[in-house]
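The values are calculated or read from the model by the stated rules, or taken from the named source; none is laboratory data. Note that the structure is a prediction, hence the values are computed from the model and not measured. Don't worry about glycine lacking a Cβ; one is built from the backbone with ideal geometry, like all the others, and counts go over all protein chains shown. What goes into the accessible areas is simple: the full protein's heavy atoms, side chains included, and nothing from ligands, DNA or RNA. Shrake-Rupley method; radii C 1.70, N 1.55, O 1.52, S 1.80 Å.
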Amino acid sequence: MDIIKLLPDMVANQIAAGEVIQRPASAVKELLENAVDAGSTEITVVLKDAGKTLIQITDNGCGMSESDARLCFARHATSKIREANDLFAIRTMGFRGEALASIASIAQVELRTKRVEDEVGTSIQIEGSDIKLQEPCQCNNGTSFLVKNIFFNVPARRTFLKSEATELSYIMEEFQRVALVNPGIAFSLFHNGKQHYKLDAGNSKQRILAIFGNGYAQKLVPVETQSNIVNITGFIGKPEFAKRTRGEQYFFANNRFIRHPYLHHAVVNAFQDVIAENTHPSYFLFLDVDPKTIDINIHPTKTEVKFEDEKSMYAIVRAAVKQSIGKFSLTPSMDFEIERSLDFAELKPGETVKVPQIKVNPYFNPFHKEDQVEKQSFSHKTPANKGLDQWEKLFPKEQDYIAPQQESLFPTQNIESALDDTSAEKETAKYYQLQQRYILTQLKTGLIVIHQQYAHERILYERYLKNYREGHRAVQQLMFPQTVSFNTIDAELFASLLGDLQHSGFDIEDFGKGSFIVNGVPADFDNHSIQDVLEHLLESYKQNLQGMDGNKQKRVAAAFARQMSIRPGKILGTEEMRSIVDLLFACSTPETTADGKKTFTILSYEELESKFL
Ligand code: ADP
Ligand code: MG
């Protein structure tokens with residue numbers, strides 16, 4: 001006896017529905033996408049009980065003919081692809097033709113639709129895949145879907161739905177994703193009679209602000225890059241607004257929200273050195289690629305996609321984000337020279353993409369005249385070399401200290417002359433130490449306040465990393481080797497760091513049983529207590545264990561930089577302050593410490609003036 005039978009349509013649809021429609025939010029997503037595909041300029045969502053009782057989506061798009069209105073509920077009924085080849089040129093949201101069939105199999109659906117060219121529209125009622133009624137009706141141009149009592153005939157699914165608040169938040173998420181990528185369409189959303197969103201048509205930035213609040217206006221910087229593989233537009237959140245909780249992180253590819261852990265990593269990587277550990281950057285990135293090079297078919301809800309050349313995409317996304325961070329995260333007065341757009345040559349198959357380099361003028365110094373900065377060429381001494389002679393001055397003998405100059409308290413220049421101040425050069429710049437903690441000095445555009453410890457941490461961090469990479473070691477051999485000891489667990493960890501510490505200029509031997517003999521310390525070790533420094537170093541290394549991309553070198557450098565940095569309470573002379581400022585701005589990422597703490601802040605003259613109004 002043959003035992004194989006074809007499943008009845010209704011059952012097949014319900015099975016498909018299990019994949020496509022998991023919860024009210026999935027129905028909202030599919031209906032919204034259909035409305036977008038229909039070329040609508042205005043879409044309204046009405047919900048009751050987080051969509052469990054009612055989902056109504058009304059659009060002013062192209063509408064359907066009488067027979068299409070009936071056919072749209074059939075499985076694999078789609079107007080969007082006709083042959084297999086069309087799959088490689090998809091620009092619409094839907095194409096599988098199974099959403100409406102799925103929804104109709106698990107809910108009571110009413111459709112009203114009318115095309116502009118038709119006198120009357122069509123109304124259809126369908127319930128569990130059964131057409132209950134079809135008749136002509138008077139209605140507006142466009143389409144309105146009413147989905148009632150979702151999962152009414154699949155009680156198991158209904159009981160698995162989460163609380164109303166949770167289901168509603170899923171819906172909001174889908175709504176936001178569609179709204180974000182279609183700023184030219186006006187959207188509104190009502191829940192239980194209350195309007196939650198009214199989004200006017202506008203541009204991308206206006207849409208983000210309308211959804212997430214006007215506070216975002218200050219937090220976003222644009223991203224834009226063009227290449228033959230992908231065009232990227234959008235925004236990233238400034239590093240200082242990175243959040244403890246996973247913030248707004250959106251990728252869209254060809255107008256579709258996508259999840260892409262690999263590209264997400266590219267963004268996180270670009271932010272790596274400028275945000276604190278365990279904080280998350282926000283981003284809204286719109287990728288536009290040739291539909292041929294993207295496979296959106298690998299998951300029924302189409303959020304997981306595959307790009308043809310993911311490696312290059314990674315490099316480009318990372319470079320674009322890095323560029324924007326460099327270009328915009330500082331105040332406008334920090335005018336780093338960065339190439340405007342990234343250029344990519346035509347790629348031949350098999351060729352790899354060169355990662356675009358970001359050109360930051362390492363000599364940029366807010367205390368230089370602009371033309372001076374421009375004249376300096378990149379072939380000069382490297383910034384680290386340049387810093388080195390000044391570096392010596394950082395730790396002069398006690399008697400060398402120059403007391404903070406009294407006059408620097410009261411700059412003689414008035415505001416007007418300071419604003420177009422071309423004389424605010426290094427030589428005449430005044431430095432003032434506040435609370436033995438901050439360095440104050442003036443820029444052309446305002447007052448800069450530098451955190452002496454954090455600035456020094458950044459300087460040392462980059463120096464250690466550089467030495468490390470280039471294999472420079474400046475060891476100062478101790479006349480009397482010292483013993484340090486740790487408990488068993490710490491000793492094991494410490495032993496694993498010996499190689500890295502060696503690179504940083506330590507000369508340490510493992511003596512067994514938790515004891516280590518220190519024969520030499522880095523040249524600039526000063527009078528620090530060796531046991532203290534090494535203990536703290538281990539402590540901050542442990543704290544950093546999860547962060548910093550698992551890069552041991554960086555963690556050791558960061559921990560060491562923190563230990564060796566000058567502390568608040570240390571009185572600095574003018575030369576030392578000048579030196580810190582110079583060295584800081586010779587760093588590749590002067591804005592933050594290795595673990596993301598801000599090193600300086602700028603109070604512009606406008607801000608200052610506004611405080612006197
Ligand atoms: P898909 O979107 O994958 O084509 P659906 O099941 O979501 O499949 O929709 C089936 C078809 O119904 C669509 O291809 C489209 O022709 C038509 N359709 C659905 N919703 C609308 C709408 N809001 N306006 C006009 N046509 C629609
Ligand atoms: Mg669809």
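Some points to look at:
- Single residue of segment 456-481 satisfying the filter (part of a helix (DSSP H, G or I) and of a type outside the set (D, E, K, R)) that is surrounded by the most Cβ atoms within 10 Å (Cβ to Cβ): Ile459
- Only residues that are surrounded by 14 or more Cβ atoms within 10 Å (Cβ to Cβ) and of a type in the set (Ser, Thr, Tyr) were counted in segment 487-504, giving 1.
- If the condition is being open to solvent by 60 Å² or more (accessible area, probe 1.4 Å), under 24 Å from Asp290 (Cβ atoms) and out of contact with any strand residue (DSSP E or B) (no Cβ under 9 Å at 6 or more places or on another chain), then segment 204-231 contributes only Asn228.
- Selection of segment 194-224 for residues being in a helix (DSSP H, G or I) and of a type in the set (Val, Ile, Thr) yields Ile208, Ile211.
- Selection of segment 21-30 for residues being away from ligand 2 (no atom under 12 Å from the Cβ), more than 19 Å from Leu180 (Cβ to Cβ) and either in a helix (DSSP H, G or I) or modelled with pLDDT of 95 or more (or both) yields only Pro24.
- Hits in segment 241-280 (condition: hydroxyl-bearing (Ser, Thr, Tyr) and in a loop (DSSP other than H, G, I, E, B)): Thr245, Thr279
- A single entry from Lys444, Lys430 fulfils the requirement of being part of a loop (DSSP other than H, G, I, E, B), modelled with pLDDT of 50 or more and in contact with a helix residue (DSSP H, G or I) (Cβ under 6 Å, 6 or more places away or on another chain): Lys430.
- When each of Lys292, Lys194 is tested for being surrounded by fewer than 14 Cβ atoms within 10 Å (Cβ to Cβ) and touching a Phe, Trp or Tyr at 6+ places or on another chain (Cβ under 8 Å), the lone residue that passes is Lys292.
- Candidates Gly18, Gly39: the one that is in a helix (DSSP H, G or I) and either modelled with pLDDT of 95 or more or among the small types (Gly, Ala, Ser) (or both) is Gly18.
- Residue ranges of helices (runs of 4 or more DSSP H) in segment 91-189 with at least 2 members within 16 Å of ligand 1 (Cβ to nearest atom) and open to solvent by less than 30 Å² (accessible area, probe 1.4 Å): 99-106, 164-181
- Checking Ile571, Ile566 one by one, the residue that is out of contact with any Leu (no Cβ under 7 Å at 6 or more places or on another chain), over 30 Å from Phe494 (Cβ atoms) and of a type in the set (Val, Ile, Thr) is Ile571 and no other.
- Some residue of segment 51-63 being modelled with pLDDT of 95 or more, in a helix (DSSP H, G or I) and more than 10 Å from ligand 1 (Cβ to nearest atom): yes
- Count - residues of segment 267-279 that are under 19 Å from Phe328 (Cβ atoms) and either within 9 Å of the chain's Cα centre (by Cα) or not hydrophobic (A, V, I, L, M, F, W, C) (or both): 8
- Those residues of segment 26-39 which are more than 9 Å from ligand 1 (Cβ to nearest atom) and surrounded by fewer than 22 Cβ atoms within 10 Å (Cβ to Cβ), in sequence order: none
- Taking segment 505-613 as the region of interest, none of the strands (runs of 3 or more DSSP E) fully inside it holds 3 or more residues being without any contact (Cβ under 8 Å) to a residue 24 or more places away in the chain, open to solvent by less than 20 Å² (accessible area, probe 1.4 Å) and of a type in the set (A, V, I, L, M).
- Against the conditions (1) open to solvent by 60 Å² or more (accessible area, probe 1.4 Å); (2) in contact with a helix residue (DSSP H, G or I) (Cβ under 7 Å, 6 or more places away or on another chain); (3) assigned to a strand (DSSP E or B), Val484 satisfies every one except (1).
- Residues in segment 31-53 that are in contact (Cβ under 8 Å) with a residue 40 or more places away in the chain and within 16 Å of ligand 2 (Cβ to nearest atom): Leu31, Leu32, Glu33, Asn34, Ala35, Val36, Asp37, Ala38, Ser40, Ile43, Val45.
- Lys302 being under 21 Å from Lys29 (Cα atoms) and modelled with pLDDT under 90: yes
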